[in-house]
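Each value in this text was obtained by applying a stated rule to the coordinates, not by laboratory testing. Note that the coordinates shown come from a computational prediction; the quantities given were computed from them, not determined experimentally. Glycine gets a Cβ as well: all are built from the backbone with ideal geometry, and neighbour counts include every protein chain shown.
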């Protein structure tokens, strides 16, 4: 059986985590959605970078951000901020705060498939840089 397209796997991951979020209760999902809305500009920039890098649409790019956030146990807006300011712009402040996350994301960006190949080691990535 040939491998499934990247977009299909990303959407499957997003649906899997969506249903997992619903089991946590609506309060957790509501809080996450409000946080995403408050950080929409940086998330949109990050989606654009992922769309350019992987040749995917905006929904798939958001699925990548959500998946990377889940795998690294990091808020979506922090993943987006690290991608935009740390990797795309090379901000030294972001490097100081999110160095391990930046290195993990840089490795993911070097391969053609954005799907993570395992759970990363560092546990201190959830520090917010806002």
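What's the ranking of 70-78, 51-59, 84-92 by average number of surrounding C-beta atoms within 10 Å, highest first?
Working: 70-78: 20.2, 51-59: 14.3, 84-92: 16.1.
My ranking of the peptides, most packed first, is 70-78, 84-92, 51-59.
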In nm, spacing of pseudo-spin labels at residue 40 and residue 59 (7 Å Cα→C-beta vector): 1.9
